[in-house]
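Encoded as structure tokens, the structure appears first; notes follow it.
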Amino acid sequence: MIQVTSPFLPPKEEYLKYIDKIYDKKWLTNMGPLSSELEMKLKDYLGLDHLLFLNNGTIALQIAIKALELKGEIITTPFSFIATTTSIIWEGCKPVFADIDAATLNIDPQKIEAAITPATTAILATHVFGNPCDIVTIEKISQKHNLKVIYDAAHCFGVKYNKRSVMEYGDISTISFHATKLFHTVEGGAVVSKSPELTYRLSKLRNFGFKTSESFDGIGINGKNSEFHAAMGLCNLKYANEILAKRKEQYLLYKKALTNKGVDFQVINQDADYNYAYFPILFKSEAELLKVKSELEINWIYPRRYFYPSLSTLDYLNKQDTPLANDISKRILCLPMYHTLSNEEQDLISRIIIRTLKY
Ligand SMILES: Cc1ncc(COP(=O)(O)O)c(C=O)c1O
């Protein structure tokens, strides 16, 4: 069986060495030594000044919204994982959708500008599949209208934009280290900000608002992660270069096999050093997608419809008009991509797609 993804697992002995350390110290959670070491090593690896390790990428989004004290309307993308939208609602704000660019699959800056009202306080944009948004234009719009910017960089481990980590842009960026991600800590995530003041605020929000063990600086939540998760991150980080190199090889193999075969690809931002985390393909129609998907499934291959449905069609929201996202979400499919996927398995997947599209 070939799933859309399969987690990278480091050699068990390496993980167990860290587990021995945890048993010796009996420090299991609450910003322990391994969590601090992971934060330091991630900052080094990604080239960041500040990063806080959290228990997942959804809490990262929620405390980002909280830290910026956002109210009213937040302009966001309809083409993302559900958590991008629900975190806005969870924080008592209203998601307002701006449609996407059909080539990059990211939020279209022109549509952002058209969606601004007196109630707008921020833009929450996803770098979809790790492809950086049009950051320059979004920055101009945010400055012109005095809006905060949060980037959902859940897929962006190792991505650079103009030679700097893509997570350096915007007021706050969030990332997910969920097991399905290129770099993972089983469950996990992080928030990144250039501002020491915001980072301080985010660190209070992560830990119930504790200032000292007996005093508080505002309200907070439990956004901490455990030493066991940090240990997995420390093990996996040693393999990050290897994982990234393998993804690129796999991405290029799919691209070569499927070019001019009736499917389209996401256009990657030219100013990016991309991480090749996902391989989405766009079919001409949903009917074609469904035909290919079922043919793959007959062969025990399970791609995923990332992202479907379009978030602007969620039944708990008022309908909003985003025709491009609605159309694209119906005909996009992410092919299996993970470290141990073999060239032969990729060839098989490509051949099934090409064969099915011919008939
Ligand atoms: C774009 C995006 N945002 C947010 C999240 C939420 O991250 P987590 O699963 O770590 O809570 C995900 C997770 O897959 C995601 O893909």
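So which of GLU14, GLU69 is part of a loop (DSSP other than H, G, I, E, B), charged (D, E, K, R) and modelled with pLDDT of 95 or more?
GLU69
Could you tell me whether LYS194 is within 24 Å of ILE75 (Cα to Cα) and more than 11 Å from the ligand (Cβ to nearest atom)?
Considered against the rule, which asks whether it is within 24 Å of ILE75 (Cα to Cα) and more than 11 Å from the ligand (Cβ to nearest atom), LYS194 comes out as yes.
Give me the pairs: first residue in the stretch 134-152 and in the same structural domain as THR121 (by TED's automatic domain parsing), second residue at pLDDT 95 or above and acidic (Asp, Glu), beta-carbon distance under 6 Å, and six or more apart or on different chains, which are they?
Taking only residues 6 or more apart or on different chains, the pairs are ILE141/GLU113; LYS148/ASP171; VAL149/ASP171.
Please go through the stretch 75-93 and pick out each residue that is outside any helix (DSSP H, G or I) and either small (Gly, Ala, Ser) or farther than 17 Å from VAL149 by Cβ (or both).
PRO78, PHE79, SER80, PHE81, GLY92
Taking the stretch 173-191, which residues are near the ligand (Cβ under 8 Å from one of its atoms), among the small types (Gly, Ala, Ser) and part of a loop (DSSP other than H, G, I, E, B)?
GLY188
If you take the residues of the stretch 53-97 that are aromatic (Phe, Trp, Tyr) and touching a residue at least 40 places away in the same chain (Cβ under 8 Å), which of them is farthest from the ligand (Cβ to nearest atom)?
Filtering first and then ranking leaves PHE97.
Count, please, the residues in the stretch 72-118 that happen to be among the basic types (Lys, Arg) and closer than 22 Å to ASN207 by Cα.
Result for the stretch 72-118: 0.
Quick test for you: out of LEU70, LEU48, LEU16, pick the one residue that is crowded, with 19+ Cβ neighbours inside 10 Å, under 29 Å from MET337 (Cα atoms), in the same structural domain as GLY189 (by TED's automatic domain parsing) and aliphatic (A, V, I, L, M).
So the residue among LEU70, LEU48, LEU16 that is crowded, with 19+ Cβ neighbours inside 10 Å, under 29 Å from MET337 (Cα atoms), in the same structural domain as GLY189 (by TED's automatic domain parsing) and aliphatic (A, V, I, L, M) is LEU48.
Picking from GLU39, GLU113, which residue would you name as being more than 16 Å from the ligand (Cβ to nearest atom), in the same structural domain as ASN225 (by TED's automatic domain parsing), among the charged types (D, E, K, R) and surrounded by fewer than 18 Cβ atoms within 10 Å (Cβ to Cβ)?
Exactly one of GLU39, GLU113 is more than 16 Å from the ligand (Cβ to nearest atom), in the same structural domain as ASN225 (by TED's automatic domain parsing), among the charged types (D, E, K, R) and surrounded by fewer than 18 Cβ atoms within 10 Å (Cβ to Cβ), namely GLU113.
Considering only the stretch 143-167, how many residues are assigned to a helix (DSSP H, G or I) and either under 12 Å from the mean Cα position of the chain (by Cα) or surrounded by 21 or more Cβ atoms within 10 Å (Cβ to Cβ) (or both)?
The first filter runs over the stretch 143-167 and keeps only residues assigned to a helix (DSSP H, G or I), leaving 143-145, 166-167.
With the extra rule that they be either under 12 Å from the mean Cα position of the chain (by Cα) or surrounded by 21 or more Cβ atoms within 10 Å (Cβ to Cβ) (or both), the set shrinks to 166-167.
The qualifying residues number 2.
If you check MET1, MET40, which single one turns out to be modelled with pLDDT under 95, among the hydrophobic types (A, V, I, L, M, F, W, C) and farther than 20 Å from TYR169 by Cβ?
MET1
What are the residues in the stretch 236-250 that are over 18 Å from the mean Cα position of the chain (by Cα) and either surrounded by fewer than 21 Cβ atoms within 10 Å (Cβ to Cβ) or assigned by TED's automatic domain parsing to the domain that holds LEU16 (or both), if any?
LYS238, TYR239, ASN241, GLU242, ALA245, LYS246, GLU249
The values are calculated or read from the model by the stated rules, or taken from the named source; none is laboratory data. A quick note: this is a predicted structure, and the numbers were derived from the prediction, not measured. Reconstructed Cβ throughout: ideal geometry from the backbone, glycine too, with neighbour counts over all protein chains shown.
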